[in-house]
Amino acid sequence: MIDKYLKLLSNKIDDKVSQLQMAIADGKADDYAEYKRMCGEVKGLLTARLYIIDLQERVTNDDDDE
């Protein structure tokens, strides 16, 4: 059950990362500070996504143990 919600969250993160990457590629950052902020947001979202993947694996493995 929780796997469905983790997957939904992961997909939303992927969408946001794609939006930010497109904005960076299109030169939407007004200055270097904005560029750095956008890159930092992408990095943070990707880190969060890794945590979600780890949690999904742990939940799946715990379900298998029962």
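The values are calculated or read from the model by the stated rules, or taken from the named source; none is laboratory data. All of these numbers come straight from a predicted model, not from anything done at the bench. All Cβ positions, glycine included, derive from the backbone under ideal geometry; neighbour counts span all protein chains shown.
Only one residue in ASP15, ASP3, ASP63 is at pLDDT 95 or above and part of a helix (DSSP H, G or I). Which one?
ASP15
Go through segment 10-56 and report how many residues are on the phi < 0 side of the Ramachandran plot, over 13 Å from the mean Cα position of the chain (by Cα) and surrounded by fewer than 11 Cβ atoms within 10 Å (Cβ to Cβ).
7
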